[in-house]
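K.L.:
Would you mind keeping the following structure in view while I ask a few things?
The values are calculated or read from the model by the stated rules, or taken from the named source; none is laboratory data. Everything numeric in this text was worked out from a predicted model, so none of it was measured. FYI the Cβ positions are ideal-geometry reconstructions off the backbone, even for glycines, and counts take in every protein chain you see.
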Amino acid sequence: MAKSETPLLEPIVPSCRLRILSDAQLEHLRSATLEVLEEVGIHCPSEKALAIYADHGALVDFDDRIVKLPPEVVLRAMSRAPRFYTLGARSAAHDLRLDGTAMYCATDGCGVETIDFETRQRRPSVKEDVAKMARVSDYLSSIAFYWPMVSAQDHPATAPLHEVEASFNNTVKHVQSETLMGEKTARYAVEMAKVIAGDEKTLRERPPLSSLICTIAPLGLDDGGMESAMVFAEVGLPVGFMSMANAASTAPATSAGTIVVADAEIVAAMVLVQMAYPGAPTYHSLMPGVTHPRTGAYLGCDAIVYAVGVELAHMWGVPTLAGMFGTDAPEPGWQAGASEPAGLLLCALCGAETGNGMGLLEGSTVLYPEALLLDSHSYHQVRIDAVGLDTSREALAVDVIKSVGPRGHFLAQRHTRDHVREWQLSELTFQPREGGGYQDPIQVAREKTEWILEHHYPEPLEDSQRRELSRILEAADRELG
C-alpha cells in the first residue's frame, strides 16, 4: 500500500468576535451553577471519586453518594485548570494549539449502524468502518482531529480500544475517544498513546489521544467515566466532559434552566480532575437537546445554546468542545444541512477552540459515508465566510473599475484572472453532467468518498508501533473480553 500525503489543515480563523451574553448574564449563569452545586449537589457512584471530593473540601454523603461543592471549593479547583494547551498528532504539522486563534473540528461518533460502503444496505458497524472513515478524515482538510465515527461491534468487550487502534493506524491526526470507560480500559488506552508519543515528555507536551466523558443528566456522574478520566489526567492526557441534558425530561423546559443543569454536571467533573491532578488539561462541552413534546424524540437545541456553551467554558477558564452538526435527519439531504452552518459559524465567532459532530445522521447514530463530505462542504463555506472582507486597495479594485468604465466588462482584465484563481469553489456543486445540467451533489460526494478510499493511505505507523499496539489489544482482549 503506497502512502499519500495528508493535506494541511484549514481551520476556521474568524476575523472578528461575537458576544452572545453580557457579563451580567454570564454571572447569572455562574451564580446559578454554583448555587446548584452547593445546595443540590451531584450524584457520584465512584468510591474513589467521593474520597477525593471529601479530601478537598466537598461535603460528601457517602450513603447516598451525593457531593455538595461550596463555591470557594469550586473556584479554587477551577483556578488550576489550564486555559491553553496542545492536542498533539502523529504528524507535528497537524498538532492543534488551542490558543483561541482558530477553531478545529472533528467528526461525530460513536454511531452504531453503517450504510455499507459497497452494498448500500444498513447494518451494524464494525472496526473496519472505523478504519475506513479515519482514512477519509485524514484526507479532508476540514477534519482536524478524529473521533471514531462508529462502534467496533465485532469486538464487543473491548470495542473502544479497537476503535483507538484502528484510528491510530489510519490517520496522522489527533484522536479523541468518547467511549473509553473504566479504569482498566483507560490504562490500556494510555499504553497505546505512549506507543504513539514515544516518550513521557512528548506524551504530556503533544498528547496524541484525548478523552471525552459524558455526564448523566440530571446532575449525575458515571463511575466508570470518572475513573477513566482520572487515569487520563494522571499522565497529562486531556479529558473533557459533555452534558447532553434534555430540555423537559432530564432538564428544565427553559433553555437557561437546561444550561444550568448541564453546566453544573460539567463543572463538578472538571473540579474532581483538578482536585486529583491540579493543572491537568481539561475542557467543557455543552451539548444539550430537546425532548419533542408529542413523540418524546431527541431533538437538537437551537444553535445559540451551543454558542452560549462556548462562552461558559471560557468563563470557567478552559477550552471548549462546541456542539454543532449532529442532525436528526434520517438521510443526507436538505434537512441534514439546513441548520448546520449557522451553528458552526456562531460557535466559531464566539471563539470556540474545537467542535465536533461531522458526518453522522439520525441523532449521531447512523453513518452514511458520503455525509462526511457533505458536512465538509458546509464547514468550508463557514471557514471562508469567517475570514471576513478584504478591503485593501487591491481588493477594492478602484483602479480596475476606472479602467473598465461604464458599460464595459471585467473578463479581459489581469486583475480578474489573478483573483478568480483565488476563489475556493466546492468540489460537490455545479459539477457538469454528461448530456447537460449538473450532477447530484450527494452522488458526487459518494463518488469522492470512494476515490479517497481507493487512493489515500496516510503515513503508516512503524512496524514496531503496530506490533506493540496489537500486543496491547491482545492483552486487553484476554483480561476484559
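K.L.:
Collect the residues in region 113-172 that are in contact with a His (Cβ under 8 Å, 6 or more places away or on another chain), part of a loop (DSSP other than H, G, I, E, B), touching a residue at least 40 places away in the same chain (Cβ under 8 Å) and among the aliphatic types (A, V, I, L, M), keeping them in residue-number order.
P.N.:
VAL172
The rows are residues; the columns are (1) at pLDDT 95 or above; (2) more than 30 Å from ALA186 (Cα to Cα); (3) among the acidic types (Asp, Glu).
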site	(1), (2), (3)
ASP399	yes, yes, yes
GLY408	no, yes, no
ILE442	no, yes, no
PRO460	yes, no, no
ASP477	yes, no, yes
GLY481	no, no, no
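K.L.:
Could you list, in sequence order, the residues of region 287-301 that are within 17 Å of VAL261 (Cα to Cα) and either assigned to a loop (DSSP other than H, G, I, E, B) or of a type in the set (Val, Ile, Thr) (or both)?
P.N.:
MET287, PRO288, VAL290, THR291, CYS301
K.L.:
Taking region 257-286, which residues are β-branched (Val, Ile, Thr) and assigned to a strand (DSSP E or B)?
P.N.:
Within region 257-286, just THR282 meets the criteria.
K.L.:
Considering only region 11-55, state which residues are touching a strand residue (DSSP E or B) at 6+ places or on another chain (Cβ under 9 Å), closer than 25 Å to ALA106 by Cβ and either loosely packed, with under 13 Cβ neighbours inside 10 Å or not hydrophobic (A, V, I, L, M, F, W, C) (or both).
P.N.:
Once the filter is applied, which keeps residues that are touching a strand residue (DSSP E or B) at 6+ places or on another chain (Cβ under 9 Å), closer than 25 Å to ALA106 by Cβ and either loosely packed, with under 13 Cβ neighbours inside 10 Å or not hydrophobic (A, V, I, L, M, F, W, C) (or both), region 11-55 yields PRO11, PRO14.
K.L.:
Filter region 76-96 down to the residues that are more than 18 Å from the chain's Cα centre (by Cα) and either surrounded by fewer than 21 Cβ atoms within 10 Å (Cβ to Cβ) or in a strand (DSSP E or B) (or both) and list them by number.
P.N.:
Within region 76-96, ARG76, MET78, SER79, ARG80, PRO82, SER91, ALA92, ALA93 qualify.
K.L.:
Based on this model, can you work out whether LEU8 counts as hydrophobic (A, V, I, L, M, F, W, C), out of contact with any strand residue (DSSP E or B) (no Cβ under 7 Å at 6 or more places or on another chain) and assigned to a loop (DSSP other than H, G, I, E, B)?
P.N.:
For LEU8, the condition - hydrophobic (A, V, I, L, M, F, W, C), out of contact with any strand residue (DSSP E or B) (no Cβ under 7 Å at 6 or more places or on another chain) and assigned to a loop (DSSP other than H, G, I, E, B) - is met.
K.L.:
For residues that are part of a loop (DSSP other than H, G, I, E, B) and among the aliphatic types (A, V, I, L, M), scanning just region 338-366, find the one that is nearest to the chain's Cα centre (by Cα).
P.N.:
Per the criteria, the residue is ALA352.
K.L.:
Another question, if that's okay. For region 443-456, check the following and say yes or no: at least one residue is surrounded by 15 or more Cβ atoms within 10 Å (Cβ to Cβ), among the polar types (S, T, N, Q), over 30 Å from ALA157 (Cβ atoms) and in contact (Cβ under 8 Å) with a residue 12 or more places away in the chain.
P.N.:
Yes: region 443-456 contains one or more residues that are surrounded by 15 or more Cβ atoms within 10 Å (Cβ to Cβ), among the polar types (S, T, N, Q), over 30 Å from ALA157 (Cβ atoms) and in contact (Cβ under 8 Å) with a residue 12 or more places away in the chain.
K.L.:
Which of the residues belonging to region 423-451 are in a helix (DSSP H, G or I) and among the aromatic types (Phe, Trp, Tyr)?
P.N.:
Once the filter is applied, which keeps residues that are in a helix (DSSP H, G or I) and among the aromatic types (Phe, Trp, Tyr), region 423-451 yields only TRP451.
K.L.:
Testing PHE62 on (1) in contact with a helix residue (DSSP H, G or I) (Cβ under 7 Å, 6 or more places away or on another chain); (2) in contact (Cβ under 8 Å) with a residue 40 or more places away in the chain; (3) not charged (D, E, K, R), one condition comes back false. Which one is that?
P.N.:
(2)
K.L.:
Also, quick follow-up: For the structure I just gave you, tell me whether VAL267 is touching a residue at least 40 places away in the same chain (Cβ under 8 Å), more than 24 Å from SER364 (Cα to Cα) and of a type outside the set (Phe, Trp, Tyr).
P.N.:
Criteria met by VAL267.
K.L.:
Would you point out the residue of region 367-417, among those that are among the β-branched types (Val, Ile, Thr) and in a helix (DSSP H, G or I), that is surrounded by the fewest Cβ atoms within 10 Å (Cβ to Cβ)?
P.N.:
Filtering region 367-417 for residues that are among the β-branched types (Val, Ile, Thr) and in a helix (DSSP H, G or I), the one surrounded by the fewest Cβ atoms within 10 Å (Cβ to Cβ) comes out as VAL398.
K.L.:
While we're on this one: Could you please give the count of residues in region 457-481 that are in a helix (DSSP H, G or I) and crowded, with 17+ Cβ neighbours inside 10 Å?
P.N.:
Number of matching residues: 6.
K.L.:
Regarding GLN335, is this residue modelled with pLDDT under 85, part of a helix (DSSP H, G or I), polar (S, T, N, Q) and more than 19 Å from the chain's Cα centre (by Cα)?
P.N.:
The answer is yes for GLN335.
K.L.:
Additional query: May I ask you to verify whether PHE241 is aromatic (Phe, Trp, Tyr), assigned to a strand (DSSP E or B), closer than 24 Å to LYS173 by Cβ and touching a residue at least 40 places away in the same chain (Cβ under 8 Å)?
P.N.:
So PHE241 fits the description; yes.
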